[in-house]
1. Here is a check on your reading of the model: is T98 out of contact with any Leu (no Cβ under 8 Å at 6 or more places or on another chain), in contact (Cβ under 8 Å) with a residue 12 or more places away in the chain and of a type in the set (S, T, Y)?
2. Of the numbered conditions (1) assigned to a helix (DSSP H, G or I); (2) out of contact with any helix residue (DSSP H, G or I) (no Cβ under 6 Å at 6 or more places or on another chain), V215 fails exactly one; give the number of that condition.
3. Answer yes or no as to whether L149 is over 24 Å from the mean Cα position of the chain (by Cα) and modelled with pLDDT of 90 or more.
4. Would you mention how many residues in the range 125-142 are under 30 Å from G193 (Cα atoms) and over 23 Å from the mean Cα position of the chain (by Cα)?
5. Can you run down the residue pairs with Cβ atoms below 7 Å, 6 or more apart or on separate chains, where the first is in the range 206-225 and in the same structural domain as Y110 (by TED's automatic domain parsing) and the partner is basic (K, R)?
6. Please return the ranges of helices (runs of 4 or more DSSP H) entirely within the range 125-202 where 1 or more residues are over 21 Å from A106 (Cβ atoms).
7. Please specify each residue of the range 69-80 satisfying the condition of being in a loop (DSSP other than H, G, I, E, B) and either at pLDDT below 80 or crowded, with 16+ Cβ neighbours inside 10 Å (or both).
8. Can you tell me which of I231, I289 is touching a helix residue (DSSP H, G or I) at 6+ places or on another chain (Cβ under 8 Å), at pLDDT 80 or above and of a type outside the set (F, W, Y)?
Amino acid sequence: MSEQNDMMDASDAAPARPRWRPRRDIPRYLVLTLGAIAMVGPFVWMVATSLTGDAQLGQADAPLLPDPVTTDPYARLDEAFPFWRFTANSIAVAVVSTLLQLVTSATAAYAFSRLRFRGSNAVFVLYLVTMMIPMQVIIVPLFIEMRYLRLVDSYAGLLLPTLVSSFGVFMLRQAFLALPRELDEAAYVDGAGHLRVFAQVLLPLVTPALATFSVFGFMSSWNAFLWPLVIAQTEAHMPLPVGLSLLRGGYSTAWNVVMAGSTTSVLPILALYVFAQRYVIRGIAFTGIKS
C-alpha cells in the first residue's frame, strides 16, 4: 500500500507534458524555422563557395552546391597572402586582450559590488554610458593619441583600447551581487582582506560568468576590424579580418579563396563556443542577464 502511495506521489510530482496546440505551435515553429534558415543560409553559402573551383565559380548558372567539390581554395590561402602570420596575430591579440579584460573587469566589478564609497553609483552609471558611444566616434582622437604615444602599427596600439570592457564590468558585477555578503563577513572574521576575499572566496564562485565573458571577449577581439584596419598599417601587425580584406582585387576577386579564409576564421570561434557552451548558459543564468 505504501509503495502504491509513493508511486502516486511520484506521478503527481512529475511535470506535465505540454499539450500540442497546432493553431499556436505551428506558426511559432514556422517562424523559428525561417529564422534559422536566414541565419544558417549565409554560412552554408560561404562553405559551399569555399569548396568551388575557379571554372564553376565563373559560371552564371552555377549551382549552389559545388560539383565537383575541391579544396584547392584552401591550399591557395597561404599563396594569396601571409595567412598564418595574420592568424597568429589574431590569436595573440585575442588571447592577451581577453586575459587583460578579465583582470580589469573582475577587479572593477568587485569594487562596484562590494566597496561602498561616495558616488559609486554615479561612477558606475557613467561607466555604462560609454557602452553607448560607437567606435566610429572616438576612432580619430584615439588614433591621434596612439600617434603621440608612438604606438601606431604596433601590438600595444592594437591592445590598449581593448584593456577595459564596460560590458564585462556590468556582467561580472551582476555575478558578484548574486553572492551573499555573509561570505565576505565570514572571511573578514577569519582575518582576510579585500584581496584575499576577492581572489580566494568570491572569484572561484563566479567561474561561469568569467567563462561566459571570456567567450564574448575573445569573439569581440577576434572579429574586430575597424580599429585594427586603422592602427595596423603593415602586414606584420595585421590580424586575420584585416588580412582577408586584402584578398579583394581591383578588377577581379577570387571569391572562393576569400570564402575559404572566412570559413577558416570562423572555426576557432565555433570550437570555442562548442567547448564553453555549458559555461555560457550557466553564466547567463547566474548573472540574470536575459534577452
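1. Details: out of contact with any Leu (no Cβ under 8 Å at 6 or more places or on another chain): yes; in contact (Cβ under 8 Å) with a residue 12 or more places away in the chain: yes; of a type in the set (S, T, Y): yes.
In short, yes.
2. Of (1) assigned to a helix (DSSP H, G or I); (2) out of contact with any helix residue (DSSP H, G or I) (no Cβ under 6 Å at 6 or more places or on another chain), only one is false for V215: (2).
3. Values: over 24 Å from the mean Cα position of the chain (by Cα): yes; modelled with pLDDT of 90 or more: yes.
It is true that L149 is over 24 Å from the mean Cα position of the chain (by Cα) and modelled with pLDDT of 90 or more.
4. Pass one, the range 125-142, residues under 30 Å from G193 (Cα atoms): 125-128.
Of the ones still in play, those that are also over 23 Å from the mean Cα position of the chain (by Cα) are 125-126.
Count: 2.
5. The qualifying pairs are P208/R282.
6. Values: elements: 135-148, 155-159, 166-177, 182-189.
Output list reads 135-148, 155-159, 182-189.
7. Pass one, the range 69-80, residues in a loop (DSSP other than H, G, I, E, B): 69-71, 76.
Answer for the range 69-80, where residues must be in a loop (DSSP other than H, G, I, E, B) and either at pLDDT below 80 or crowded, with 16+ Cβ neighbours inside 10 Å (or both): T70, R76.
8. Numbers: I289 fails: at pLDDT 80 or above.
One residue alone meets the criteria, I231.
The values are calculated or read from the model by the stated rules, or taken from the named source; none is laboratory data. Since we're looking at a predicted model, the values are computed, not measured. All Cβ positions, even for glycine, are placed from backbone atoms using ideal geometry, and neighbour counts span all protein chains on display.
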